[in-house]
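The values are calculated or read from the model by the stated rules, or taken from the named source; none is laboratory data. As the structure is a computational prediction, the values presented were derived from the model and not from experiment. Every residue, glycine among them, receives a Cβ derived from its backbone with ideal geometry; neighbour counts consider all protein chains shown.
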């Protein structure tokens, strides 16, 4: 399993269980990190609430709570500090996904320095 996963301007760090944009940590809570990590595994591909509950929350029943939506909102708020809230997108019929632009990142992250963190 890789230590880092790139998702547009975000570098997810499995060791720190957090994400960075440029040189700033996002201060993700564990489920927020797991949500982003899972969505970054297949960017652009929507995952339903049920799939996220199974993969991130590790439950195979619907607890009838808004936990997924709450975590998505929290991650969007953290990304919003960098103007990236829209990166975590919603398809009303298919679920949540990472909408990662194909153009050059505005945030530069020296991947070599990540090993020294």
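Determine whether residue 79 is touching a residue at least 40 places away in the same chain (Cβ under 8 Å) and under 11 Å from the mean Cα position of the chain (by Cα). Yes; evaluated as a whole, the condition is true for this residue. One residue stands out in the stretch 25-52 among those that are touching a residue at least 40 places away in the same chain (Cβ under 8 Å) and more than 16 Å from residue 91 (Cβ to Cβ): the one that is surrounded by the most Cβ atoms within 10 Å (Cβ to Cβ), namely 36. The set of residues in the stretch 1-13 that are at pLDDT below 95 and either outside any strand (DSSP E or B) or over 17 Å from residue 86 (Cα atoms) (or both) comprises 1, 2, 8, 9.
Looking only at residues in the stretch 6-24 that are without any contact (Cβ under 8 Å) to a residue 60 or more places away in the chain and surrounded by 19 or more Cβ atoms within 10 Å (Cβ to Cβ), the one that is farthest from residue 79 (Cα to Cα) is 12.
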